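The values are calculated or read from the model by the stated rules, or taken from the named source; none is laboratory data. Remember, it's a predicted structure, so these values are computed and weren't measured experimentally. Note: ideal-geometry Cβ built from the backbone for every residue, glycine included; neighbour counts use all protein chains shown. For accessibility, only protein heavy atoms count, side chains too; no ligands or nucleic acids. Shrake-Rupley method; radii C 1.70, N 1.55, O 1.52, S 1.80 Å.
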Amino acid sequence: MSDVTPAREHPPLTEALRLPLAQIEPDALRIAVLGAGSWGTTFAKLLADGGSDVVLWARRREVAQEITETHRNSDYLPGINLPPNLRAHDSLERVLAGAQQVYLSVPSQSLRSNLHSIRDIVPPDVPIVSLMKGVERGTGRRMSEVIASELQVDPDRIAVVSGPNLALEIAKRQPTAAVVASSSRETAVAVAAASTNEYFASFVNTDVIGTEFGGVLKNLIAVAVGIADGVGYGENTKASIITRGLVELTHFAVAYGARPETMSGLAGLGDLIATCESKLSRNNTAGRLLGQGYAFTEVIAQMNQTAEGLSSVGPILELACQRGVHMPIVAQVARVLDGTLDPRELAPHLATDSDEPQGE
Ligand SMILES: NC(=O)c1ccc[n+]([C@@H]2O[C@H](COP(=O)([O-])OP(=O)(O)OC[C@H]3O[C@@H](n4cnc5c(N)ncnc54)[C@H](O)[C@@H]3O)[C@@H](O)[C@H]2O)c1
Ligand SMILES: O=P(O)(O)OC[C@H](O)CO
């Protein structure tokens, strides 16, 4: 069966959630994915398409039922058929029991409270994988840092996945690559092996800081590009913002210990291109609405999915200030968000306060 079909009527959902014995290989890896939004569901699908036995946690029972019984998640992946070896449940205990790898894909600002709920039921010694691309407001912590502190696990058990990964394209099996980073190469390899299939390739590295910050910072540049697009500026403006944005995110990440080459890889440049160019990107879309003149509160009201960049602007600027990193594009995004800069004024030529020409 194709992965994409037109919307159809769902059969009536039964009250009791069944977990049918799907076509699962006896030696398949048992994986838990927490968060049944567009990325959690897509990642669960690609893991299942790679042969693993995947159980997805959905907050809402009706979403779990729909996934298990009709192999659809119509709220987040309309038209996409999910494989039979992907099931869902709204009980964290049921989802985590026996899991050999655990993947997390909830909005970044909710991660800590979700970790509180699973602290005592996460299986010991299994890899914990962040699929998220945000930093925590208030602490400025990366998601892997929040996981390490809340679950009290060795950082060698933690991995992060990042790259040019627009969910809907991957759900349609369009060929894509990502990078899995962990301080332990063994953990990265184990996660990458599970996260590779015929249409999705996972590379590995040990630069957790660069891989995570790449995913966070490209969102902010995508908001800036969206603003330029919404205003009506063309390709020169957007290419200038993307290129200067890459400089900005590289300076920031390197100041925090990232390797520069990570920022020109899949988790840096790769994701920057995908997010800044695609209308599927929620960050890009949020920026476009701002550029069209909508106020921040109106943009939030229109977004029904997570645009992490909007929450990350503040903490990233605070972190930049602490290390003396100049982030003119991100600073302009912050000013558009708080209404103190007209979107038409956002431009790469505002990248410096100096009247003197600067080195590129
Ligand atoms: N969608 C993509 O293309 C994509 C790709 C790569 C990474 N990511 C990252 O994945 C993470 C999740 O994004 P998404 O695209 O799945 O978002 P989404 O908005 O599509 O889904 C978010 C999910 O989290 C649930 N949720 C909301 N508040 C919650 C809470 N307090 N506790 C638990 N669950 C809650 C929602 O019900 C929903 O199931 C983000 O950090 C995002 O940057 C997304
Ligand atoms: O839709 P966005 O803007 O959250 O971007 C999705 C992915 O991070 C692209 O890699």
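If you build a Gaussian network model of the chain, linking Cα atoms that sit under 10 Å apart, which residue out of Thr306, Thr285, Thr42 swings the most?
Comparing Thr306, Thr285, Thr42 in the GNM, the peak value goes to Thr306.
Which order do the peptides 195-204, 318-327 take when ranked by the mean count of other beta-carbon atoms within 10 Å per residue, highest first?
Values: 195-204: 18.1, 318-327: 15.3.
Most protected by this proxy first, the peptides run 195-204, 318-327.
Lys/Arg Cβ at +1, Asp/Glu Cβ at -1, dipole of the chain taken about the Cα centre: which of Phe252, Leu29, Thr70 is farthest positive-ward?
The Cα lying farthest towards the positive end belongs to Thr70.
If you build a Gaussian network model of the chain, linking Cα atoms that sit under 10 Å apart, which residue out of Ala178, Ala190, Ala167 swings the most?
Per the Cα network of the chain with a 10 Å cutoff, Ala190 tops the list.
Give me the net charge of Asp3's neighbourhood, meaning all other residues with Cβ under 11 Å from the Cβ of Asp3; Lys, Arg count +1, Asp, Glu -1.
On the way: positive: Lys45, Lys172, Arg173; negative: Asp49.
Its environment carries a net charge of +2.
Work out from phi, with θ = phi - 60° and the Karplus expression 6.51 cos²θ - 1.76 cosθ + 1.60, the ³J(HN,Hα) of each residue of segment 205-222, listed in order in whole Hz, and give x for Gly and Pro.
For segment 205-222, the Karplus curve yields 8, 10, 9, 5, 4, x, 5, 6, 5, x, x, 6, 6, 4, 4, 5, 5, 5 Hz.
Can you list residues whose amide H is under 5 Å from Arg141's amide H, if they're 5+ apart or on another chain and H is modeled 1.01 Å from N?
Long-range HN contacts for Arg141: Glu136.
Could you point to the residue in His89, Ser162, Gly339 farthest towards the positive end of the chain's charge dipole, with +1 and -1 charges on the Cβ of Lys/Arg and Asp/Glu respectively?
His89
Between segment 280-350 and segment 102-147, what is the separation of their alpha carbon centroids in Å?
The distance from the Cα centre of segment 280-350 to that of segment 102-147 comes to 24 Å.
What does the accessible area per residue of the chain come to in Å², with a 1.4 Å probe and no ligands, DNA or RNA counted? All intermediate terms of the calculation are to be shown ahead of the outcome.
Details: 15490 Å² over 360 residues.
For the chain, the per-residue accessible area is 43 Å².
Does segment 247-290 come out rounded, prolate or oblate by the C-alpha gyration tensor, with a ≥ b ≥ c the root eigenvalues, rounded set by a/c under 1.5 and, if not, prolate when a/b is larger than b/c and oblate if not? Walk me through the intermediate numbers first.
Values: a/c = 3.79, a/b = 2.02, b/c = 1.88.
Note, shape of segment 247-290 comes out prolate.
Dipole size in debye (nearest 20) for the chain around its Cα centre, Lys and Arg Cβ +1, Asp and Glu Cβ -1? Mind showing how you got there, number by number?
Numbers: 30 positive and 41 negative charges, 94 e Å.
About 460 debye.
Each residue of segment 166-175 in order: what ³J(HN,Hα) in whole Hz does its phi give by Karplus 6.51 cos²θ - 1.76 cosθ + 1.60, θ = phi - 60°, with x for Gly and Pro?
Values, residue by residue: 6, 3, 4, 5, 6, 4, 8, 6, 6, x Hz.
What ranking, highest mean first, results for peptides 216-223, 310-317, 82-89, 44-51 when packing means the other Cβ atoms within 10 Å averaged over each residue?
Numbers: 216-223: 29.8, 310-317: 21.5, 82-89: 23.0, 44-51: 24.6.
Per-residue mean Cβ counts within 10 Å order the peptides as 216-223, 44-51, 82-89, 310-317.
List every residue whose amide H lies under 5 Å from the amide H of Phe203, counting only residues 5 or more places away in sequence or on a different chain, with H placed 1.01 Å from N in the peptide plane.
Ala178, Val179, Val180
For all pairs of alpha-carbon atoms in the chain, what percent lies in each bin of width 20 Å, listed from the first bin to the last filled one?
31, 56, 12, 0
What share of Cα pairs, in percent, lie more than 23 angstrom apart in segment 30-206? Don't skip to the answer; put the middle values down first.
Values: 5231 of 15576 pairs.
For segment 30-206, the share of Cα pairs beyond 23 Å comes to 34 percent.
How much of the DSSP bridge set in the chain is antiparallel, in percent, rounded to the nearest 5? Before the final figure, lay out each step's value.
Numbers: 5 of 30 bridges.
Roughly 15 percent of the beta bridges in the chain run antiparallel, per DSSP.
Sort segment 257-360 into rounded, prolate or oblate with this rule: let a ≥ b ≥ c be the square roots of the eigenvalues of the Cα gyration tensor; rounded if a/c is under 1.5, and if a/c is not under 1.5, prolate when a/b is larger than b/c, oblate otherwise. Intermediate values should be presented prior to the final figure.
Working: a/c = 1.67, a/b = 1.20, b/c = 1.39.
Judged from the Cα gyration tensor, segment 257-360 comes out oblate (a/c at least 1.5, b/c at or above a/b).
May I ask for the net charge around Pro343, where only other residues with Cβ less than 15 Å from the Cβ of Pro343 are counted and Lys, Arg are +1 while Asp, Glu are -1? Don't jump to the answer; show the numbers that get you there.
Details: positive: Lys238, Arg288, Arg335, Arg344; negative: Asp229, Glu298, Asp338, Asp342, Glu345.
That sum, taken over residues with Cβ under 15 Å, equals -1.
HN-Hα J couplings of segment 117-131 from phi, Karplus 6.51/-1.76/1.60, θ = phi - 60°, integer Hz, Gly and Pro as x?
6, 10, 3, 8, 10, 6, x, x, 6, 9, x, 10, 10, 8, 9
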